[in-house]
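**Q** Dropping a structure here in structure tokens format, bear with me for questions.
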Amino acid sequence: MITDPIYLDNNATTKVAPEVIQKMLPFLETFYGNPSSMHTFGGQVGLDIKKARQNVADLFNVSSDEILFTSCGTESDSSAVLSALKVLPDRKHIITTVVEHPAIKSLFENLKLKGYHVSFVPVDSKGRLDMDFFEENLSEDTALVSIMWANNETGTIFPIKELAEKTKAKGAIFHTDAVQAVGKIDTNLQDVPVDMLSLSGHKLHAPKGVGALFVRKNTPFHPFLLGGHQEHGRRAGTENAASIIALGKACELAKENMEKEQKEVKRLRDKLEKSIIANIPHCFVNGDTEHRLPNTSSISFEYIEGEAILLLMDQFKICASSGSACTSGSLEPSHVLMAMGIPYEAAHGTVRFSLSIYNTEEEIDFVIEKMPGIIQRLRDMSPFWKG
Ligand code: PLP
């Protein structure tokens, strides 16, 4: 089993921070009481969940009673969207973008089948939103706008403050899927009027299977899961105490490490990207490089397949992702790259590198050294390569 990969796939999932593991272990080994119990043994777990809720709230500069814990980013997204539709039942129009993660995309496609009128905001070749389309479609009939804060494939950051302000002016609810933005860029919600925001633990060095949803005070909320009175009746089910406490610690660390993420991680990402572009012909960067997550680089290599690149990278224990949806059983290129108008073949030859604070200079130098040979080897085998 590979234990020491060069892990450049942090938008897929992240390593659990050692401090987070230390923090959560006692809640698996020793403090296993149910936080809703009357006895002190369980009750003390409830106190630690309370601290974790405060840690999550602090990352957004909001109040802890505006945070509810869920099982993942997908659950947070579904809870937010379905709640908004119940809050404004007379409005039948909803807006999202063409580049959302399947957690939102599939849900909106399903709502369309159920009779909602759905506007999918298009993007340009750099992945930037068509703001005119957004404003022309936003109306008094719009119940909800759900737009991701940053794109998982290209790292492109959307103008969430402006989008939320315009949405609020029409009396609609604004939700953002901030799963990729949290911990990488400033997500202070004091003057960004989003009503609801989703996040996922495993994208910020907490374990898989825990997430959170911010619901702004005075935003009516209808629970997705019905049952017990956990989370003040907003999300039933016995709390995943150890993972919630882990998420609290991860948010505390994310706040401390934000500067490192924005300077050091960005420096390494830029070094990798610049070197690839300078040393390998016929490749280009996807997305809005001026408004982009500091850790993400999506690069299309012409004349070859992304999956083949990943297989050769894997021989050097370098982990990244491709730009196709092959994990879902289809070999279609990613809907994000297709929406940006990236040519079909180039979209197929796309690799997404996503770094974290755990990457080192030596690792990046190693990848820089290996990439030209990997690409050349594949091009030498390609019938399309005339180089
Ligand atoms: N939204 C975005 C933008 C994501 O990147 C992901 C995961 O890749 C999700 C939602 C889903 O999060 P989870 O895996 O916690 O359900």
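The values are calculated or read from the model by the stated rules, or taken from the named source; none is laboratory data. As the structure is a computational prediction, the values presented were derived from the model and not from experiment. Don't worry about glycine lacking a Cβ; one is built from the backbone with ideal geometry, like all the others, and counts go over all protein chains shown.
**Q** So in the range 170-202, with the set limited to residues that are more than 21 Å from LEU82 (Cβ to Cβ) and of a type in the set (Val, Ile, Thr), which one is farthest from the ligand (Cβ to nearest atom)?
**A** Here the residue is VAL192.
**Q** In addition: Please indicate, with yes or no, whether at least one residue in the range 129-146 is within 16 Å of the ligand (Cβ to nearest atom), part of a loop (DSSP other than H, G, I, E, B) and buried (at least 24 other Cβ atoms within 10 Å of the Cβ).
**A** No, because not a single residue in the range 129-146 is within 16 Å of the ligand (Cβ to nearest atom), part of a loop (DSSP other than H, G, I, E, B) and buried (at least 24 other Cβ atoms within 10 Å of the Cβ).
**Q** Return the residues of the range 80-113 that are in contact with a Gly (Cβ under 9 Å, 6 or more places away or on another chain) and away from the ligand (no atom under 14 Å from the Cβ); say none if nothing qualifies.
**A** LEU88, ARG91, LYS92
**Q** Another question, if that's okay. Pull up the range 90-125, narrow it to residues that are basic (Lys, Arg) and touching a strand residue (DSSP E or B) at 6+ places or on another chain (Cβ under 7 Å), then point me to the one that is surrounded by the fewest Cβ atoms within 10 Å (Cβ to Cβ). Give the derivation first.
**A** Restricting attention to the range 90-125, the residues satisfying the condition of being basic (Lys, Arg) are 91-92, 105, 112, 114.
Retained after the next criterion (residues that are touching a strand residue (DSSP E or B) at 6+ places or on another chain (Cβ under 7 Å)): 91-92, 112.
Details: ARG91: 21, LYS92: 15, LYS112: 13.
By that ranking, first place goes to LYS112.
**Q** While we're looking at this one, here's another question. For the range 231-239, state whether one or more residues are among the aliphatic types (A, V, I, L, M) and either assigned by TED's automatic domain parsing to the domain that holds GLU363 or in a helix (DSSP H, G or I) (or both).
**A** Taking the range 231-239 as the starting set, the residues that turn out to be among the aliphatic types (A, V, I, L, M) are 236.
Among the residues that remain, those that are also either assigned by TED's automatic domain parsing to the domain that holds GLU363 or in a helix (DSSP H, G or I) (or both) are: none.
Within the range 231-239 (the criterion being among the aliphatic types (A, V, I, L, M) and either assigned by TED's automatic domain parsing to the domain that holds GLU363 or in a helix (DSSP H, G or I) (or both)), the answer is no, since none of the residues qualifies.
**Q** On to the next question. Out of all the residues in the range 327-334, is one or more out of contact with any Gly (no Cβ under 9 Å at 6 or more places or on another chain) and farther than 23 Å from ALA103 by Cα?
**A** Within the range 327-334, none of the residues are out of contact with any Gly (no Cβ under 9 Å at 6 or more places or on another chain) and farther than 23 Å from ALA103 by Cα.
**Q** Another question about this same structure. Of all residues in the range 354-384, how many are out of contact with any helix residue (DSSP H, G or I) (no Cβ under 6 Å at 6 or more places or on another chain) and under 18 Å from GLU302 (Cα atoms)?
**A** The total comes to 11.
**Q** Across the range 218-251, what is the total count of residues that are among the small types (Gly, Ala, Ser), free of Cβ contacts under 8 Å to residues at least 12 places away in the same chain and either in contact with a Pro (Cβ under 6 Å, 6 or more places away or on another chain) or at negative phi (or both)? Explain how you work it out, then say what you get.
**A** Taking the range 218-251 as the starting set, the residues that turn out to be among the small types (Gly, Ala, Ser) are 227-228, 233, 236-237, 241-243, 246, 248, 250.
With the extra rule that they be free of Cβ contacts under 8 Å to residues at least 12 places away in the same chain, the set shrinks to 227, 233.
Of the ones still in play, those that are also either in contact with a Pro (Cβ under 6 Å, 6 or more places away or on another chain) or at negative phi (or both) are none.
Result for the range 218-251: 0.
**Q** Quick check on my filter: what residues within the range 80-128 are in contact (Cβ under 8 Å) with a residue 60 or more places away in the chain and in a loop (DSSP other than H, G, I, E, B)?
**A** LEU88, ARG91, VAL98, VAL99, GLU100, HIS101, PRO122, ASP124, SER125, LYS126, GLY127, ARG128
**Q** Another question, if that's okay. Quick check on the range 203-220: of everything there that is crowded, with 24+ Cβ neighbours inside 10 Å and not in a loop (DSSP other than H, G, I, E, B), which residue is farthest from the ligand (Cβ to nearest atom)?
**A** It comes out as PHE214.
**Q** Further question: Checking THR289 against (1) within 30 Å of PHE120 (Cβ to Cβ); (2) surrounded by fewer than 23 Cβ atoms within 10 Å (Cβ to Cβ); (3) polar (S, T, N, Q); (4) at pLDDT below 95, only one condition comes out false. Which one?
**A** (4)
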